[in-house]
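The values are calculated or read from the model by the stated rules, or taken from the named source; none is laboratory data. This one's a predicted model, so the numbers in the text were calculated from it and none came from an experiment. The accessibility values were calculated without ligands, DNA or RNA, using every heavy atom of the protein model including side chains. Shrake-Rupley method; radii C 1.70, N 1.55, O 1.52, S 1.80 Å.
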Amino acid sequence: AVGGAWGRESYKGGVYLNNKKDTVYTGGLVDVYLVNPALKLSHKYFEVAGKFFWGQNLDVFGAFGGGIVSETVDATERRVVDGQRTMGYWAQLTGKPIEGWTMHVGYGVEDPDERQEKASPLYFRNSSIWVSTFYTFFEYVTLGFQWQQIRTEGLSVTGAPREDVTGNALMANAKLSF
């Protein structure tokens with residue numbers, strides 16, 4: 001499959017305090033585009049799936065981890081003159097050893113455009129690895145469990161030195177189908 005989107009998004013963001021301690025909002029109209037080819041190969045006992053994406057200001061579309069709007073603002077007019085470009089991919093291998101049971105392992109990356117790191121850097125790269133399993137009982141009840149590790153490389157918070165941040169998540173899932 002091949003998908004994509006193009007449009008414009010109006011948003012408010014970049015809240016900061018000026019010298020008078022008043023709240024000031026920046027933001028405006030930004031271009032949004034997305035191109036995303038995807039592939040899925042399925043067999044009785046396994047499945048391989050993946051997607052590549054490339055775009056700008058993808059917060060609304062929630063591509064891999066949801067690219068964000070990272071703006072370069074004209075300070076006099078408080079208007080957006082550039083946005084966050086990013087690209088990435090995810091891939092997942094699924095095993096189906098018996099009827100109703102699936103096991104997944106996957107990896108994904110979101111990598112902002114290097115030119116933007118100098119202009120308005122927030123992070124250098126996000127990556128994620130996950131392992132999960134799901135079992136469906138009686139065609140109506142699915143129970144599952146997932147472990148995920150997310151790593152953000154070169155995270156920069158205003159005034160703080162860059163650092164790599166890694167977090168783990170354990171999630172349980174219960175789904176009832178009617």
How much accessible surface area, in Å² rounded to 10, belongs to the heavy atoms of Ser132 with a 1.4 Å probe?
10 Å²
For Lys51 the rounded accessible area (nearest 10 Å², probe 1.4 Å, non-protein molecules ignored) is 70 Å²
For Gly154, the residues 5 or more places away or on another chain with a placed amide H closer than 5 Å to its own amide H are Phe124, Glu163, Asp164, Val165
